[in-house]
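Nothing in this text is a laboratory measurement; each read-out follows from the coordinates by a stated rule. Computed from a prediction, not measured in an experiment: that's the story for all the values here. Cβ: placed from backbone, ideal geometry, glycine included. Neighbour counts: every protein chain shown.
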Amino acid sequence: MAGAAPKLRADDHADRMPSGRHDRARRAGLISVLVPLSLTLVQCGKAPDPAALAANSQANVQLVAKTNSQTSNSRVASGDTFEDRFPAPQFRERFPSASESFLQRQMSDFSPKSAVQRQIPEQAPPYKVASLEPQVPYKRPAREDLTTLVSMKSSAFPYFGNNPASDAPFLNISKGDRRGHRSYSGRVYWQDETYSDSRVLVHVPEHFDLRKPGVIVVFFHGNGATLERDVRDRQMVPKQVTDSGANAILLAPQMAVDAADSSAGKFWQPGGFKRFMEESATHLARLTGDPNSARAFANMPIVIVGYSGGFLPTAWSLEVGGISDRVRGVVLLDAVYGEMDKFASWIENHRSGFFVSAYTRYTARRDRELMSMIRQKGIDVAEDMDGPLRPGSVVFVETGEGITHRDYVTRAWTRDPLKDVLVKMAATPSLALTRVAATN
């Protein structure tokens, strides 16, 4: 028995040895299965972390290799890697085809739907119901600026009278059936080309209101001009009248057409300017849509603006025009080339009006002569446009170098000098000529 016991223990030990190795192999295999499962359960509910999953996968492979190289080799050989367990999604899984769950749409599906595509329920036909509410009185819609050319019999030309400077016929040249005028420069201008245009540029701003005090601006253009090309487009006289905001209307008769000639035509005749303004009143009443307003236009104050050669019809209109009392202002733009006695006489005898003369070096000598004549009559003369225009104001403004005679209507002592005069005039209650438009 004593000898048998050691043998039995030896046999038991020998029997347990293979069994122990087998148990350890089973435990290692069980661990290799449970560890990945536990890691997967921990990540449940979260987006998988590729880096962590890759590290865990590598650790498991190493563990299996240590415990059972044969099992590990079989797993690696079977392709049990990170890429096998977590394959990248395929294109068709992210972007299903049209036959699958997502509806395919075009870019046109996202553009705004036009009003035509909307289905509007049919409405019952409208009907009127008697109302006891007070009705809003009809208000005439706002009109636009009116700028047009109107032919007038009393305009400057055609003219078949005498030239008062020589008391000889104005048309002093003939060639066959053609008649013409030889100007002071010696050049001949033919009547059918230069002295036959009877049109007048008429401009009525949209804000003009006949019910308010207003004024008619008469513009005599200079030499070498036409109404459309120069007065309207280049010198922008209608625009200056509108931009001033003054309750004013513009009349600009065509003088000698595109010629170096300052002839006054019918404005040389006694009462010629009066006849022109009376005919203009009739046309203005028709153009503004109220035939009964002719009388109001016929009594409206007048401001005469003469530019360059326009000094001659301005001077004669003041002297023999027949309505010098209606003239409440005279503006000369580099225009004192003569007739100083006529201007001085009007200034002396019409102290309720204003007189403005702006000049360059071309007319400086005559402007200074006219200033001297006025001062000798005991009338104050201002030499800047900084102050307001008042009844009886006499202002001479010398403009410096860089100001050209050709551009003087748009740039003199300031840009748009006609606009500046109208603004200063309308801002002086004592003149009582116009009111500034409410929109300005």
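Here are the numbers for this structure:
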read-out	value
Label point distance in nm, Leu287-Asp384, each placed 7 Å from Cα along Cα→Cβ	3.8
For segment 261-420, size of Cβ-based charge dipole, Lys and Arg +1, Asp and Glu -1, in debye	360
DSSP beta bridge pairing in segment 290-440, given as percent antiparallel to the nearest 5	5
Segment 154-306 pair-distance distribution - Cα-Cα, 10 Å bins, rounded %	10, 38, 31, 16, 5, 0
Sum of side-chain charges, Phe157 neighbourhood, beta-carbon under 10 Å (Lys, Arg +1; Asp, Glu -1)	+1
Cα pair distances exceeding 19 angstrom across segment 339-394, given as percent	24
Equivalent-ellipsoid semi-axes of segment 362-425, from the Cα gyration tensor, Å, largest first	21, 17, 8
Surface/4 estimate of mean projected area, convex hull on alpha-carbon atoms of segment 294-440, nm²	9.2
For Gly322, net neighbour charge (Lys/Arg +1, Asp/Glu -1) across residues whose Cβ lies under 11 Å away	0
Taking segment 309-440 and dividing mean pair separation by its residue count, relative contact order in percent (alpha carbons under 8 Å, at least six apart)	20
